[in-house]
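The values are calculated or read from the model by the stated rules, or taken from the named source; none is laboratory data. In this text the structure is predicted, and so the values were computed from the model without any measurement. Cβ atoms come from the backbone with ideal geometry, glycine included; neighbour counts cover every protein chain shown. In case anyone asks, the SASA skips ligands and DNA or RNA and just uses the protein heavy atoms, side chains included. Shrake-Rupley method; radii C 1.70, N 1.55, O 1.52, S 1.80 Å.
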Amino acid sequence: MTVVALVPAAGQGTRLGLNRPKAFVELRGRALLSWAVDGLFESGAVDEVVVMVPTDMLSDARALVPSARVVVGGAERTDSVRAGLAVAGAHDLVLVHDAARPLTPPAMIGRVVQALRAGASAVIPVLPVADTVKQVDADGAVVATVDRARLRAVQTPQGFTTEALRAAYEAAPNELATDDAGLVERAGGTVLTVPGDPLAMKITTAFDLRVAQALAQEQS
Ligand code: C5P
């Protein structure tokens with residue numbers, strides 16, 4: 001079974017407050033995109049990588065990740081994944097992995113692929129939620145306390161049989177989702193969880209970038 005990894009890297013990263021798209025922000029002198037693509041190949045579990053970037057970053061991205069195929073992404077993350085799916089070669093399995101998770105351990109990527117090889121059609125890495133989580137109304141007043149024991153924070157790469165992911169995207173041509181497994185769930189598919197890793201943290205804010213800098217330094 002062969003595996004393609006789609007790497008959405010077309011976000012503007014406005015919450016990070018820097019003057020370039022998030023995937024091109026550097027961590028210890030290397031773009032987040034480069035960290036993410038190298039990690040995928042290092043796992044030994046991936047045969048092809050397709051990266052989706054903003055139009056004006058196409059040539060920069062091609063220079064940064066020469067081993068990947070680079071195409072233009074879309075206005076929303078789901079549009080970017082669609083753009084990647086449209087050009088990916090014929091593979092049995094597909095991973096979708098945020099460029100914004102530069103320190104994802106290759107072993108965790110291997111766990112996701114292993115679960116797919118064992119027969120799952122959709123697999124997501126998850127972590128327990130440490131904080132108590134409350135639902136609030138528009139004014140910030142608490143509506144409910146959610147049972148923390150049953151909550152999980154979801155990371156990437158998320159893995160699918162190509163058939164399951166294509167079917168989920170075709171079933172919901174106009175829907176947006178913050179993760180790809182959400183579309184598979186809506187299409188009635190079963191999604192399996194495997195243990196995630198705190199190192200697969202997503203860089204969203206300047207604080208996250210500081211934490212990742214410290215972790216990367218510790219690892220080097
Ligand atoms: O915005 P967020 O942090 O959830 O984005 C997750 C990943 O999706 C990032 O790697 C980002 O570059 C990517 N993305 C994309 N196309 C968009 C929006 C986000 O590829 N239109």
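Overview of values
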| quantity | calculated |
| --- | --- |
| Solvent exposure of the stretch 1-155 as accessible area per residue, Å², 1.4 Å probe | 47 |
| With every protein chain in place, the chain: carbon and sulfur % of accessible area (1.4 Å) | 51 |
| Per-peptide average of other Cβ atoms within 10 Å, ordering 85-91, 155-161, 187-193 highest first | 155-161, 187-193, 85-91 |
| DSSP-assigned coil residues among GluC sites (Glu not before Pro) in the stretch 122-220, each with at most 14 further Cβ atoms within 10 Å | E175 |
| Calculated [θ] (222 nm, deg cm²/dmol) that DSSP helices of n ≥ 4 give over the chain, each run adding -39,500 (n - 2.57) | -9500 deg cm²/dmol |
| Relative contact order [Cα under 8 Å, 6+ residues apart], the chain, whole percent | 24 |
| Zero-based 5 Å bins, Cα pair distances in the chain, whole percents | 1, 7, 15, 18, 20, 17, 12, 6, 3, 1, 0 |
| Choice from D147, D60, D139 with maximal GNM fluctuation in the chain (Cα, 10 Å cutoff) | D139 |
| Cα centroid separation, the stretch 18-48 to the stretch 145-220 (Å) | 17 |
| Kirkwood Rh, angstrom, the stretch 151-206 [1 / mean 1/r, Cα pairs] | 12.6 |
